[in-house]
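Report on one structure; see the data block that follows.
The numbers here are math on the coordinates, done by the rules we state, and not lab data. Since the structure is predicted, the reported quantities are computational estimates derived from the model, not experimental observations. As a convention, Cβ positions derive from the backbone with ideal geometry for all residues, glycine included, and neighbour counts pool all protein chains shown.
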Amino acid sequence: MATPSLVVCDLDGTLIDSDEALLAPFLALGVEREAIGRGLPLEEECDRHGIAPERCLELYDVAVAAPFPGVAEVVDRLERWAVCSNKHPSSGRAELARLGWEPEVALFTDAFDGPKQLAPVLDALGVAPDDVVFLGDTDHDRRCAAAAGVPFALAGWKPRATAGPGDLVLHRPEQVLDLLGLG
């Protein structure tokens, strides 16, 4: 893989440890923990459980999720970066603002037809697929990168992240800087 000029990041589970924050609204509404899916757009997960998405948004606390250790320091050093997330835009933008993070582009579920897609992010950045690497933590992130012809790097610092064939596994956030030639 050639040295990419920037990183596009998933938000939940990649940059921020948001598992419990994302589960909390569903648990408060009586959904069993084991029945709650992960990585889907809010509307899809709410539809699965017969819950109004607005109710989950009301119960979601944007102050709970924290960056994984070392991520904030890496984000501070990135020259160009972007976010591509299935998160609802209101909570995603609120979390970015709370953390003081200002990606060049941040696209959330309202920007896509269905699950997140990298093509609109690449268009907004004005870059080709081989200019970026997509950093994520799920099979969906891996498929999203493949669909756009973008190299994928797994956020291996997330305990539940599982490597797939051909993944570049980053075990520590600072390895993102090495990947971009900024280490």
With PHE134 itself left out, Lys, Arg at +1 and Asp, Glu at -1 over residues whose Cβ is under 9 Å from its Cβ give -1
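Sorted by packing (mean other beta-carbon atoms within 10 Å per residue), highest first, where do 90-101, 130-141, 146-157 land?
Details: 90-101: 17.0, 130-141: 21.8, 146-157: 19.2.
The most tightly packed comes first, giving 130-141, 146-157, 90-101.
About the Cα centre of the range 73-183, what is the dipole size in debye to 20, counting +1 per Lys and Arg Cβ and -1 per Asp and Glu Cβ, all else neutral? Walk me through the numbers on the way to the answer.
Details: 11 positive and 17 negative charges, 74 e Å.
Taking the Cα centre of the range 73-183 as origin, the dipole is about 360 debye.
Per-residue ellipticity at 222 nm for the chain, helices alone: DSSP H runs ≥ 4 residues times -39500 (n - 2.57), over residue total, nearest 500 deg cm²/dmol?
Working: 8 runs with 65 residues, N = 183.
Helix-only estimate at 222 nm: -9500 deg cm²/dmol.
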Taking a ≥ b ≥ c as the square roots of the eigenvalues of the Cα gyration tensor, with a/c under 1.5 meaning rounded and otherwise prolate when a/b exceeds b/c and oblate if not, the range 19-59 is rounded
Given Cβ charges of +1 for Lys and Arg and -1 for Asp and Glu, the option among VAL121, GLN175, SER85 whose Cα lies farthest towards the positive end of the dipole of the range 64-183 is SER85
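Rounded to the nearest 20 Debye, what is the dipole magnitude of the range 19-59 about its Cα centre when Lys and Arg each give +1 and Asp and Glu each give -1 at the C-beta?
On the way: 4 positive and 10 negative charges, 15 e Å.
Dipole size: approximately 80 debye.
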